[in-house]
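The values are calculated or read from the model by the stated rules, or taken from the named source; none is laboratory data. All values reported here derive from a predicted model rather than from experimental measurement. In this analysis, Cβ positions are derived from the backbone assuming ideal geometry, glycine residues included, and neighbour counts consider all displayed protein chains. The accessibility values were calculated without ligands, DNA or RNA, using every heavy atom of the protein model including side chains. Shrake-Rupley method; radii C 1.70, N 1.55, O 1.52, S 1.80 Å.
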Amino acid sequence: MKSIFKTEFVDDFILKLRRLYEEGKDDHKKLSRLRGRILELFILHFVYKRYNAPGYIVLQGCGVKINGRLIATEERKTVDIAAWNGMFGEFYETKVGPNLFDEKVIKYLGLLAVELQKVSLKSIVACVTKWQVWRG
């Protein structure tokens, strides 16, 4: 982490993580959400660095519209992270482990990729885990 962020940020981040861990160490669900949120924030950071300019959009937990139509399945309507610069987009779903990508997530990302291809929009649609990236 120290090779990516400023040292004082990393030290403060680690202190806050320890405090959160101590508060929730007996609550597995709480710790699981914390791990997932941390991964999502890391991915957001890297995507944001690429799209940090006027006219570029980076959002979390958002729906994707193509030509005014929300891309959705019965079970899902959002991606964890979306970025767009007018010509190219990146759309990510993040999970701590690959086994957490259930059928609903894969079905939604597959639909999103197909709909983007139909209108010839260049994009990356991907699942990101702590260990690997799957691109569709």
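Some notes on this structure:
- Acute angle (nearest 10 degrees) that the helix 28-51 long axis makes with the longest principal axis of the chain, alpha-carbon atoms: 60 degrees
- Residue range of the chain that is longest and free of trypsin sites (Lys or Arg not before Pro) which are both DSSP loop and sparsely packed (at most 16 other C-beta within 10 Å): 78-129
- LEU111/MET87 FRET efficiency (R0 22 Å; Cβ-Cβ; nearest 0.05): 0.50
- Of LYS29/LYS104; LYS16/LYS107; LYS29/LYS118; LYS107/LYS130; LYS30/LYS77; LYS49/LYS77, pairs whose Cα-Cα distance is over 29 Å: LYS16/LYS107; LYS29/LYS118
- Acute angle (nearest 10 degrees) that the helix 7-24 long axis makes with the longest principal axis of the chain, alpha-carbon atoms: 80 degrees
- Most simply put, the chain has about 65% antiparallel DSSP beta bridges, counting only bridges with both residues inside it.
- Cleavage-rule hits, chymotrypsin sites (Phe, Trp or Tyr not before Pro), the range 26-78, DSSP coil, Cβ neighbours within 10 Å at most 14: TYR56
- Per residue, the range 1-124 exposes 66 Å² of solvent-accessible protein surface, assessed with a 1.4 angstrom probe and all protein chains in place.
- A Förster radius of 30 Å, combined with the Cβ-Cβ distance separating ILE66 from LEU100, puts the computed FRET efficiency at roughly 0.65.
- The angle separating the long axis of helix 103-118 from the principal Cα axis of greatest extent in the chain is about 40 degrees.
- Among GLU93, GLU75, GLU103, the sequence by solvent-accessible area, most first, with a 1.4 Å probe is GLU103, GLU75, GLU93.
- Here the simple spin-label model places points 7 Å from the Cα toward Cβ, and for THR73 and ASP12 these points are separated by 4.0 nm.
- Listed values [x] 8.1; [y] 10.7; [z] 9.6, entry calculated as mean projected area of the Cα convex hull in nm²: [z]
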